[in-house]
Amino acid sequence: MDHPFGPLMLHVEGLGVRYGNFQAVKDVSFEVHPGEIFGLLGPNGAGKTSTLSAIEGLLKPSEGSIRVAGYDLKVKPRHAKAAMGVQLQATSFQSDLTVEEIIKLFGGIYGVHLSKGKIESILDDIKLAEASTKKFGQLSGGQQQRVSLVIATIHNPRLVLLDEPTTGLDPQSRRQLWERIEAIRDKGHGILLTTHSMEEAESVCDRIGIIDHGKVLTIDTPQALIDRHKEEPEVIAVSRRGRVTLEDVFIALTGKTVRA
Ligand SMILES: Nc1ncnc2c1ncn2[C@@H]1O[C@H](COP(=O)(O)OP(=O)(O)OP(=O)(O)O)[C@@H](O)[C@H]1O
């Protein structure tokens, strides 16, 4: 069912992803509403990237349907893809292009006209005005992340997909990126991110879905998940320093075993 304030930014229903005989994603369903940050959490190999890749159209689902801003990815792939912005990995950018050249290049790819003033204001906004003539490969990890978030949102997409956006960032850069993601959310866009950081999930995600072995275990707000599980003996058993956190609930639900 659509959200009362407009179409869902993302509607995944009964998604399955197979690699040959191996089923990596099984019957996964969730929604991202306008103005919502939805976090997909799960241990290594749970199926987060496979789910994201199917939404991005990079791999064909074996089962289920994906609708982006109301467009069925199978029926209207161009419309669906135009409505989403994907944060590319740093390795996807040509390292010998300057920051300014990369912004111009992707503006062109997405058909967005960027005046000189607009480019200056983007660079100012991501605090890279002084580094505009630096080559991408010479930027720090945090600076590269800022550029890739700008590129993901340059065409003002209704759905933004971020795969572990803050991995490797220092606390300052991480907070700043959270603020940028929240600002995108506050404009009414939907954001789907994956993260291994429970702190990130608790701080920025409006709702989270925990997946494991390709299946959704639970979906709710971080606080509701803590409240629902905090009295359970398995959760109390893994909690540390006398306070139940989202990480305790996550570990109790997905187990203590480190994945192969
Ligand atoms: N191209 C592939 N061919 C075969 N199996 C794959 C392929 N890509 C992923 N898998 C398998 O599918 C499962 C889910 O992988 P996926 O990368 O989606 O997990 P993830 O939740 O993103 O993990 P991580 O947190 O480690 O990034 C894993 O068992 C993985 O080994």
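The values are calculated or read from the model by the stated rules, or taken from the named source; none is laboratory data. Bear in mind the structure is a predicted one, so any value in this text is a computation, not a measurement. Ideal geometry is used to build each Cβ from the backbone, glycine not excepted, and the neighbour counts take in all protein chains shown. For the accessible areas, the whole protein counts, side chains as well, though only heavy atoms, and no ligand, DNA or RNA atoms are used. Shrake-Rupley method; radii C 1.70, N 1.55, O 1.52, S 1.80 Å.
Observations on the structure shown:
- Applying the criterion of at least 2 residues that are within 16 Å of the ligand (Cβ to nearest atom) and of a type in the set (A, V, I, L, M) to the helices (runs of 4 or more DSSP H) found wholly in the range 8-117 leaves 48-56.
- For the range 152-190, filtering for residues that are over 19 Å from VAL32 (Cβ atoms), open to solvent by 40 Å² or more (accessible area, probe 1.4 Å) and not in a helix (DSSP H, G or I) leaves 3.
- Failed item, numbered, when LEU253 is tested on (1) on the phi > 0 side of the Ramachandran plot; (2) open to solvent by 50 Å² or more (accessible area, probe 1.4 Å): (1)
- Test for VAL12: is it farther than 24 Å from ILE154 by Cβ, open to solvent by 10 Å² or more (accessible area, probe 1.4 Å) and either modelled with pLDDT of 95 or more or acidic (Asp, Glu) (or both): no
- Whenever a residue of the range 30-59 is closer than 22 Å to ILE184 by Cβ, its partners that are open to solvent by 30 Å² or more (accessible area, probe 1.4 Å) and near the ligand (Cβ under 9 Å from one of its atoms), lying with C-beta atoms within less than 7 angstrom and at least six residues away or across chains, give the pairs THR49/ASP163; LEU52/ASP163; SER53/LEU59.
- Pair list, Cβ < 6 Å and 6+ apart or interchain, from the range 101-129 residues that are of a type in the set (Ser, Thr, Tyr) to residues that are surrounded by 13 or more Cβ atoms within 10 Å (Cβ to Cβ): TYR110/ILE154; TYR110/HIS155
- Residue check: GLU120 meets all listed conditions (1) at pLDDT 90 or above; (2) closer than 14 Å to ILE154 by Cβ; (3) acidic (Asp, Glu) but one, namely (2).
- Any hit, the range 203-213, residues being more than 23 Å from GLU13 (Cα to Cα) and touching a residue at least 12 places away in the same chain (Cβ under 8 Å): yes
- Residue in the range 225-244 that is out of contact with any Pro (no Cβ under 8 Å at 6 or more places or on another chain), closer than 23 Å to THR166 by Cβ and either in a helix (DSSP H, G or I) or in the same structural domain as GLY35 (by TED's automatic domain parsing) (or both) present: yes
- Within the range 68-91, being free of Cβ contacts under 8 Å to residues at least 12 places away in the same chain and assigned by TED's automatic domain parsing to the domain that holds GLU130 holds for one residue alone: THR91.
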